Every structure is written in structure tokens, then in C-alpha cells.
Amino acid sequence: MLDVCSQEARPLLTIDEALGRIKDSLSPLNDKEELALTKALGRVLAESVYSAIDIPNDRNAAMDGYAFDSRNIVDGTPFKLVLAGVSWAGRPFSGQLEPGECVRIFTGAVIPDGADSVVMQEQVRVEESGIQFPANTGTRRNIREIGEDVKKGACLIAEPKILTAVDLGLLASAGITHVLVKRQIKIAHFSTGDELIAAGQSLASGQIYDSNRTLLGGLLTDPNYLVVDLGVIPDNKKLLKDSFIEAAKNADVIITTGGASVGEADYIKEILASCGEVNFWKIAIKPGKPLAFGKIGGCYFFGLPGNPVAVVVTFQQIVAPALRLLSGICNANPLRFKAVCTTPLKKAPGRQEFLRGILNKDEQGEFFVASAGQQGSHILSSMSQSNCYIVLPKDCDGVAVGDTVTVEPFRLFI
Ligand code: AMP
Ligand code: MG
């Protein structure tokens, strides 16, 4: 792994460059486990799944109505057919349809032999002597053909894919009960800082409650992660080093917050260098410049900044994509689009910025975004009220009201 501790004089890495370096240094997990579908929601599919059957497996009715042979249609005139029986969903009509006959049929029921079309029940008149079909009855209507959803032998879902509820439904429709998924990533995380105390204790001057551990615990709530919360470590080099070495024995990934910057008590990069390797430790984003990435033995290490908003931004923009790469997912770019900005935004050129915004839509469907309020990297309250990032490119030197900006929604409600 590249050691670039002395990169201060060089230009900071962009997110893409940082992710490129992470990708180059990562070996995706190979281990798989078999899970019942009911346990597989959100997990990463490790082996493509093929269908052993046609879906649907029978020709069946797409409507409640009457199944008939369209050779009975008399051009442009109404016609009457005798009712020969009923085909229920799950209880097919067992007979053979003779000329001049039709069968009552319900949605999903098998089309009887001899029938090739279904007329909607609303279009016929039921009479004592038979079913009266209208003049405009069409041929080959309302039938779901064998294999029209999935053909026997076709790929249902290709690996790697994060399994959604819809995916599980699709697999279930093929009678699949179990899938192979990537094993969970073992992640250890802890906060660092002498000033941190846990909720429940009263605050002395200079102390703050540790918000990052709760924050990260939430961000790490994902079925692909097996998370261990290692608590708070004070700004003590020996304790920090021992904690790193101990955590690296069991975890695939360590995530810390705080101590990643250049202050007198910011030891993270130095300790990482002493017990492992530093790949990079600064990136050109705001908030979140001090971000250390490296390795301790076989364990990947992410030293995030201390300020809570920077923790969220660096987690979402760097750590989460890296964790997906570890599970073999290479192409999961966030959805971004343009919106008109309704508040001025200050920015100095140099770093890509992720401001917190409130995105909304007018009656014409045009997107508008406003600053969520104070933009300091310690201001969690405005982030809590926001629903998107306003992503400003590195060279941008500010935004005026009415300018078009790029937004990345992270909450799909207003
Ligand atoms: P540092 O990177 O350690 O210099 O921390 C930067 C800022 O983030 C300081 O104001 C810290 O007090 C704050 N901070 C660090 N860790 C936490 C935490 N776990 N919860 C809340 N704020 C934190
Ligand atoms: Mg600190």
C-alpha cells in the first residue's frame, strides 16, 4: 500500500481519486453464506439465480371473464356461446372446450384447452340459454402467455446485487427458497476524544456528549454489516494504539471518529502509520477534509473527522461506497440532478462541498433547493432538517439566487 503521509504539499485527493485508491487496495470479500429468502432482504447476492420454470408456468387469464375460442367470432355481429363450466384460480376446468362453448374464468386461472381468448365479464350478457358476446369481441385477448415474465433457464437476478423486497418476490415466484449472499462485513467503530462523555452523565465545562457513536451506529445499521461498538477512547496514544491493534484482530474494517486532523491531540494518522499503513489522510471535500484511510494487517481503517456533519458526509461519500466495494458492488452511484437554488451560498474554490439543503418541487414539477440553514460541520440541527446535499464543484466560488446547482437527495420526503 502506498504511504503518502507527506502529501500536504500535494493537491488534495478528489473523492473519485480517493475511491480509486480505496478500490485498488481492497480485496472484495469472497466468502458466501446461504440464507432463506426471508432473511436475505438487503443482503448482497453472491451467486446469480436462474429460473427452473417458466413464469407463468401455465397460460392463464388476465381478467375475470369468459374464455372462448376466437374462431367463434362472427365478424361484426354479436354471438352466443353455451357455458360449459368454470376455471378457478388453482382449480382448472378439466374438460375440453367444444365448438360453440365458453368457460367462466377468473384472473390467474388456467386457460382451458380449446380456448385462445378471454372476454371481460363486463362486456357480456349472461342469459339463461348462454353467454351473449358483443359485436366487437377481439381475438386472443387477456391471456398471460407461458414464460412471458421469465423464461425457463433465464437469469432471474445477476450477482452482485443488493436484494430488494421486489427481488425476493421475483425469486419466490420461481419457487426459490434460499440464496447465496456475501458474508457480513465485520466492522468495529469507536469515538476518540478526551472531551467526550456518555449521555446520562452531567456535563462539566469543556465536555460534550458523544454523538458520533450513535450517529455511526445508525449509519451502520445495514444487514450486510456486523457491527461492534467499542466505545470512547481518550486522546492517549498508547490506549489508541492498543485499541487499533486489538480491533484489527477480529474486524474487517475499523472506523474511528475524531483526532484525524492536525491538532496537538490528533494522533490517528500517526498511530495508524506506527501499527499499519496510511494510504491517504486528506481529501478535497468540505466538510470532511481530514480522513485517514489505510490498513492494519488485513483490516481496513477509516479515520473520520470528529465533527458530526463531517462524519455523515465522509461516511456516505467515502466509507459506504468502500463497504459496497468490499461486498463486490462496483456501480452504485448516488442519484444527482439539477435544481434552482433559492438562497445565496458562500463558497471558496478548492474543495468539493456538500452543503445541506431542503429540496422541493413547484407545481410545474421544477426542483428548487434552499440552504438548510447554518452550514458549520458541527451543526447537526440543520442537517436533521435537510433532505439533500447541494453538491458544489471544487472550483465553484459561490452561488447566487436563481443559479442552477446539483443536488443529491438522501431522504425522499419533504
Ligand atoms: P477532532 O477531529 O478530534 O479535532 O474533533 C473535531 C470536533 O469534533 C471537535 O469539536 C470535537 O469536540 C468534535 N467531536 C469529536 N468527536 C466527537 C463525538 N464523538 N461527538 C461529537 N462531537 C465530537
Ligand atoms: Mg479530538
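The values are calculated or read from the model by the stated rules, or taken from the named source; none is laboratory data. Fair warning: this is a prediction, and the values are worked out from it, not measured in the lab. As a convention, Cβ positions derive from the backbone with ideal geometry for all residues, glycine included, and neighbour counts pool all protein chains shown. Accessible surface is based on the protein model in full, side chains and every heavy atom, while ligands, DNA and RNA are left aside. Shrake-Rupley method; radii C 1.70, N 1.55, O 1.52, S 1.80 Å.
Table for the structure above
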{"item": "Cross-link partners of K241 among aspartates and glutamates (Cα-Cα below 12 Å; sequence separation of 8 or more within a chain)", "result": "E270"}
{"item": "Karplus-derived HN-Hα couplings along segment 50-67 (A = 6.51, B = -1.76, C = 1.60, θ = phi - 60°), whole Hz, x at Gly and Pro", "result": "10, 8, 8, 9, 7, 10, x, 8, 10, 6, 9, 7, 8, 9, 6, x, 9, 8"}
{"item": "Lysine pairs meeting the criterion (Cα under 18 Å, 8 or more apart or interchain), as found in segment 337-409", "result": "4"}
{"item": "Portion, in percent, of the accessible area of segment 71-195 that falls on carbon or sulfur, probe 1.4 Å", "result": "51 percent"}
{"item": "Per residue, in Å², the accessible surface of segment 60-144 once ligands and nucleic acids are set aside, probe 1.4 Å", "result": "53 Å²"}
{"item": "Range of Cα positions in segment 31-87 per principal axis (Å), largest first", "result": "66, 20, 19"}
{"item": "Selection of trypsin sites (Lys or Arg not before Pro), segment 318-414, meeting DSSP coil and at most 10 other Cβ within 10 Å", "result": "R411"}
{"item": "Among S377, S386, S70, residue whose mean-square fluctuation peaks in a GNM of the chain (springs only between Cα atoms under 10 Å)", "result": "S70"}
{"item": "Per residue accessible area in Å² of segment 337-409, where ligands, DNA and RNA are left out and the probe is 1.4 Å", "result": "50 Å²"}
{"item": "Ratio Rg/Rh, restricted to the chain and using Cα atoms, in which Rh is the Kirkwood radius", "result": "1.18"}
{"item": "Rg/Rg_globular for segment 60-144, with Rg_globular taken as 2.2 N^0.38 Å and Rg from C-alpha atoms", "result": "0.94"}
{"item": "Estimated 222 nm signal from helices in the chain, with DSSP H stretches of n ≥ 4 weighted -39500 (n - 2.57), rounded to 500", "result": "-4500 deg cm²/dmol"}
{"item": "Coordinate range along principal axes, alpha carbons of segment 223-314, Å, largest first", "result": "34, 32, 24"}
{"item": "Fraction of accessible area attributable to carbon and sulfur, segment 337-409 (%, probe 1.4 Å)", "result": "52 percent"}
{"item": "Relative contact order %, the chain, counting alpha carbon pairs below 8 Å whose residues are six or more apart", "result": "16 percent"}
{"item": "Euclidean distance of C-alpha centroids, segment 95-153 and segment 11-57, integer Å", "result": "44 Å"}
{"item": "Those lysines that a straight Cα-Cα span of less than 29 Å connects to K32, excepting residues fewer than 8 apart in one chain", "result": "K23, K151, K152, K161, K182, K186, K249, K295"}
{"item": "GluC sites (Glu not before Pro) within segment 352-414, DSSP loop, no more than 12 other Cβ atoms inside 10 Å", "result": "E363, E366"}
{"item": "Rounded to the nearest 10 Å², the accessible area of S51 at probe 1.4 Å", "result": "10 Å²"}
{"item": "Within segment 211-290, GluC sites (Glu not before Pro) in DSSP loop having at most 14 other beta-carbon neighbours inside 10 Å", "result": "E264"}
{"item": "Cα Rg, Dmax (largest Cα-Cα span) when computed across segment 337-409, Å", "result": "11.5, 36"}
